[in-house]
Each structure stands twice: as C-alpha cells, then as structure tokens.
Amino acid sequence: MAMGLPRRLAIVAACMAAALVLLTTEISLSLSARSRLEDLRLEALAVASTLADYLDRAAPTGDAGDLKAALADWGGLRLRQAAAAVFVLDSAGRIEAGAATDSLEERELTVQDQRAITERQQLVWQETGDRPAWHVAQPLGGGQRVTGVLSLRVSTARLQEWASDERRRSYLLALAAAAVLAGGMAWLTSRWVGEPLNALGEAMAGAYAGARSGPEAPELGPSEFRILARRYNELRTALAERERESEARAALLALEERARGLERLALVDEASATFAHEIGTPLNTMSGHFQLLREDLRGLGAPEAAHRVEVVLGQVERVVGIVRAWQTGGAWPHPAIKPVSLTLLAQRVLEFMEPSINAAGVSASLDDGAVPPVRARADAGLVEQILLNLIKNALEALPHGGAIRLAAGSDGRTAWLTITDSGPGMSEAVRKQLFHPFTTTKGPLGTGLGLAVSRRLARALGGDLVHEPTQSGTRWRLSLPLASV
C-alpha cells in the first residue's frame, strides 16, 4: 500500500529534525567541552604558577624536606583530580624526585619536565589515553638559579565523563523532539494537505461519469488548496455547460437526420406510388399476353417452353399483386400465411434466376439430399422476394466462376433456409451498416433497400433474416415458423 503524503512529510520532518538537533547538540557540546577544557588548562597553569611561587618561598634552596612539608601544607591542592610532584637538582646537576602530594602515585620525570628546566619556562600539554589530564611543568628557583621543576597534573577524566553523559541526554532529548515534531507534522499535513487532497480526489473520481453528475470539490485547508478547489469547480461548471450544449446539438442533429429520413421516405412513397400507377397497366397487359403465349406453346407441343413462360408469368403476377397492394394500401400486401415447401420455393427461384446465373458465369445449387422437403408457415410470394434479393446480391458480389449454395432444414420448431456464396465477404464497416435503409456499397447502381426490405418481410412472416459470420464468403439465414405435418 502506498504511503500517504502526510506520513511521508512526517518522516522527512522527523529525519531532518533529528539530524539538525543532533548536529546542533554535537556542535554545542563540542564547543562547551572545548571551552571547559580550556578553562581547566588555564586553571592548571594558574595553580602551577601559584604553587611554584609558594614552593620557592618555602624552600628557596630546593631542600626535599622543606618541599615535602610545603606540599603537605598547600591548601590549594585540595582541587579534585589534581596531583603535584617536585623534582630537584642536586649539586651534581642530576634531577631527583623530591616530594609528591600523593605518595602512592609513582611519578616519573618526563621529557617536557626536562625541557622546562633546560628552557626555564612553563610548559603545558594534554595527556590522553586511560588517564587524560592537563600536565604543567613549572621551573622552580628564583633569579638565575633553577632548583628543580614542579610537575602538576590535573585530570580531565571527569570532564570527559560529564561530556559523555551530557551527549547521551541531549541525544535522547533530540530523538524525543524529533518524534514530537513528526507527530505534529503528520497531524498538520493531514489537516492542511491530506484532507483537501482527498476531497479533491474524490470529487475528480466522481466526475468520470460526466461533469454534471460529479460532485463539487469542497474548499478545505489553506488558501492554496481552496483556490485549487474553486478553480476545479469552475472548470466542472464550464464542462457541464459544454456537455449540455453538446447534448442539445446532438439532439438537434438527430432530429434533423430523422427529418431527412422521413423526407426521403416520403419521396420514396410518392415515387413508388407514381411508379406503381404507371406500371400497373403494362403489367396487366403483359400478364394477359403471357397467359396467351403459354396456351399457344402448349397447343404447339412445346411443354418446356410453356413451363418457362409459366415461371415468368408467376413472377409477373407476383409483381402485379405487389403493385395493386401498394396502390390500395400504400404498403406490401398482407401476408397470406399457409404451409409452403422451402425446398420447392428455392428450386423455383433458382429456375427463374437461371438466365442471370448463367450470364454471370457462376453456379447455383440446392442442398436437399434425401431429407424430406422442409415446410414452413409463410407467404410463398414474400419468401420468393427475399430469396431473389439475396441471390441478386450474391450475383453482383461473385466473380466469374463463383458458387451459390442454398440449403434448407429445421430444428424442431423453426424452419430455415441458408444462402451461402463464395465471394470476398464483407468488411467490418459494411457489417455494421447491414439492414440500414439507403446504405449501399454499389454506388449509383444500388438503392440500399434490398436487405432492409428483406428483413422486414421475414419479420412480417414471424421469422427473421440474419447474417452468419463465416471464414470466407457470405452467408444469410432466413428462419420461418415450422409448419406442422
């Protein structure tokens, strides 16, 4: 789970506070320890000078007994962690131990002590290790004669212990202060940063469904976040207004498109009514002549020719029925539902379309096999119209040498007829526009009504017309109610 901004700020603030407090504490302790160490050095120098003057007055000749008695009487050596020793020069110029404030402490002459005698000046140095201390070497003797050297040692161990204890306490206080600061920063950032950001984020998340449905962002926290929330609300209001304008524009465009569609339909109705009126009489005349021609051919002993004329006559009569229905009711004729054989209808349509099929250089077949003819409850004329539209579309899409295959069947409740061609198929864009009126891929040669009318007729018969996806070519499935045996 991601760490929140308030917690991250609190951690950063705690780390920075701990680092700053520890750094300043360390610097302060170092300066304080250095200052105390310097004070102790000056104090050791002052004590050494005072004690040397006292010893010079008490034992001007450098007698060991006098020096020992003087050291015993010296009240200034009551300072804690301070010890002194005196080394004297004998008549031969050798340096010997004379006296010491602590008889249990073995003191050795150091190189600095010897330098103090030789150079006749006060020397001070710091000793480190297990017994840290300031060490002062002070020559003894007045005038030009040096009688010995005072070796004063002032321990700094207590000072180091104090510095260590002070550093430990300071570090604990620094960590506690950092924890308190982190808690305060976490609380403040939660109130000043976390709450405004969470509120703004929830408002933005609610606007995914639309600016109008999204809630307003509450103005919380410091002025910067209030300004940000106010600007977001202004942006939300502007987007909501744009959404309303877009919806209104879309509704207006939809109404305009619908009006254009209705206008086209009105023009089509008017044109079709005029067309039906104009071709009604020629169709009746053709029907009469075809009937006479059929009888003449039968009389001349040409049954095959008479049969062909009869096929053409059947289609002419179907067209005449459509024209009459349109003239009287302005619509397709009311379906005359009765049991029909889909196999026989398919054979009859293929027979009627045989000249067009041959001219297109394609083959057409009906897969019926040994299955009994499939019977459906439908209007034979309307079913033929559907098949004619589908086969005509297939002929226009197939190249030379293509094939059309019709198959009939049933599933116990529904009778069906499939029309499959071996053409190039349809693109995804074309499939999305199927059954839309006035949508065609044939350019000026197409009206865009064939599929729409065919599905309308299929549904009027209680069935449906659908496109079935295939790996290649195109397949249509016409389903109709199954006729009872």
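Every read-out reported here was derived from the displayed coordinates using simple, explicitly stated rules and does not represent laboratory data. Computed from a prediction, not measured in an experiment: that's the story for all the values here. Here the Cβ positions follow ideal geometry from the backbone for every residue, glycine too, while neighbour counts run over all protein chains shown.
When you restrict to C-alpha pairs under 8 Å that are six or more residues apart and normalise by the size of segment 335-481, the relative contact order lands at 25 percent.
Charge dipole of segment 5-168 (Cα centre as origin; +1 on each Lys and Arg Cβ, -1 on each Asp and Glu Cβ, all else neutral): 800 debye, rounded to the nearest 20.
Look at the dipole of segment 5-168 built from charges on Cβ: of Leu22, Gln112, Gly141, the Cα furthest out on the positive end belongs to Leu22. Once the chain from Gln112 to Thr61 is taken as fully extended at 0.36 nm per residue, the excess over their C-alpha distance is 16.1 nm. The Cβ shell under 10 Å around Thr189 holds other residues with a net charge of +2, Lys and Arg each +1, Asp and Glu each -1.
Taking 7 Å steps out from each Cα toward its Cβ at Val12 and Lys392 produces label points 7.6 nm apart. Between Ile227 and Ala179, the modelled label-to-label distance comes to 3.9 nm, taking each label 7 Å out from Cα in the direction of the beta carbon. Working ranking of peptides 215-221, 21-27, 83-89 by packing, defined as the average number of other Cβ atoms within 10 Å per residue, highest first, is 83-89, 215-221, 21-27.
Net charge dipole, segment 335-481: roughly 440 debye, given to the nearest 20, about the Cα centre with Cβ charges of +1 for Lys and Arg and -1 for Asp and Glu. A simple spin-label model places the labels of Arg167 and Arg244 7.3 nm from each other, with each point 7 Å out along Cα-to-Cβ. Taking other C-beta atoms within 10 Å as the exposure proxy, Asp56, Asp165, Asp113, Asp63 rank Asp165, Asp63, Asp56, Asp113 from fewest upward.
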